[in-house]
């Protein structure tokens, strides 16, 4: 039990206040810079008194970077990645916990080891696969000699090609697998009493019915926590969307912020860049505010 004393309460609130200032301070400076005009934002030091051009700068940033369609692309991208991670990790953990087959523990550790391979490490092979999804099958045909045989027999040259660049599937699919989500679901499923599983089996519930009618409702807080984390992670992705979206119509809001970066040789328009940054911050901020209760319950709940 933690003892409550005035001194401990004071230092606790002091630490919380320092953390609050460290978190909110940069955002406050960005908001102040977004309210200044060109001359004020380039003053050294910049005035920390809010200016009067906040809404004008927001409108300019919105039109300059064409943030309307880009925010929609980001919502589709982040929502698709979050939903895919929640679904795939739940199914994977369900298989690892409730099905008995050789090597399932080895498979789990293989999945877990992928935590050491972030997207930046595997970016080249991932891009190669998305550029042509069927390239592994083409390679198998070439190695086994089937390509040559088919061409000799039929006169048809087999060339499998299916590219997903500049598409929503290309943005989403390579990122839906998650070792973190699989581990989270596995640990939760292991806390489900065996009696509940036996009761469902005695009532005639099959594997899928047990999964959808019992496990998923019990794990809704875990789903909310994982979905929130993965939505924020996907929303802030920069390298992957920048790499595979050469068509501006599929660009995300985060990558399009580069349109607001001051040009070399000109007077930096940091007030417009800061205004665009605030606009891009709004959707993930709303997700955190709306999902905060479920997010906290999913991380700290002990009653299953």
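Restricting to segment 3-45, count the residues that are outside any helix (DSSP H, G or I), modelled with pLDDT under 85 and either within 21 Å of residue 280 (Cβ to Cβ) or out of contact with any helix residue (DSSP H, G or I) (no Cβ under 8 Å at 6 or more places or on another chain) (or both).
Summing the residues that are outside any helix (DSSP H, G or I), modelled with pLDDT under 85 and either within 21 Å of residue 280 (Cβ to Cβ) or out of contact with any helix residue (DSSP H, G or I) (no Cβ under 8 Å at 6 or more places or on another chain) (or both) in segment 3-45 gives 6.
Output the residues belonging to segment 189-230 that are at pLDDT below 85 and part of a loop (DSSP other than H, G, I, E, B).
Listed by number, the residues that qualify are 203, 204, 205, 206.
Is it the case that some residue within segment 23-36 is within 26 Å of the chain's Cα centre (by Cα) and either within 30 Å of residue 189 (Cα to Cα) or buried (at least 16 other Cβ atoms within 10 Å of the Cβ) (or both)?
For segment 23-36, residues within 26 Å of the chain's Cα centre (by Cα) and either within 30 Å of residue 189 (Cα to Cα) or buried (at least 16 other Cβ atoms within 10 Å of the Cβ) (or both): present.
Under the condition of being closer than 17 Å to residue 250 by Cα and in contact with a helix residue (DSSP H, G or I) (Cβ under 6 Å, 6 or more places away or on another chain), which residue from segment 77-91 is surrounded by the fewest Cβ atoms within 10 Å (Cβ to Cβ)?
80
Output yes when any residue across segment 60-69 is outside any helix (DSSP H, G or I) and touching a helix residue (DSSP H, G or I) at 6+ places or on another chain (Cβ under 6 Å), and no when none is.
Yes - at least one qualifying residue is present in segment 60-69.
Does residue 271 meet the test of being more than 24 Å from the chain's Cα centre (by Cα), buried (at least 17 other Cβ atoms within 10 Å of the Cβ) and either modelled with pLDDT of 85 or more or within 30 Å of residue 42 (Cβ to Cβ) (or both)?
Considered against the rule, which asks whether it is more than 24 Å from the chain's Cα centre (by Cα), buried (at least 17 other Cβ atoms within 10 Å of the Cβ) and either modelled with pLDDT of 85 or more or within 30 Å of residue 42 (Cβ to Cβ) (or both), residue 271 comes out as yes.
The values are calculated or read from the model by the stated rules, or taken from the named source; none is laboratory data. Since the model is a prediction, treat every value here as computed from it, not as a measurement. No Cβ is skipped: glycine too gets one built from the backbone with ideal geometry, and neighbour counts run over all protein chains shown.
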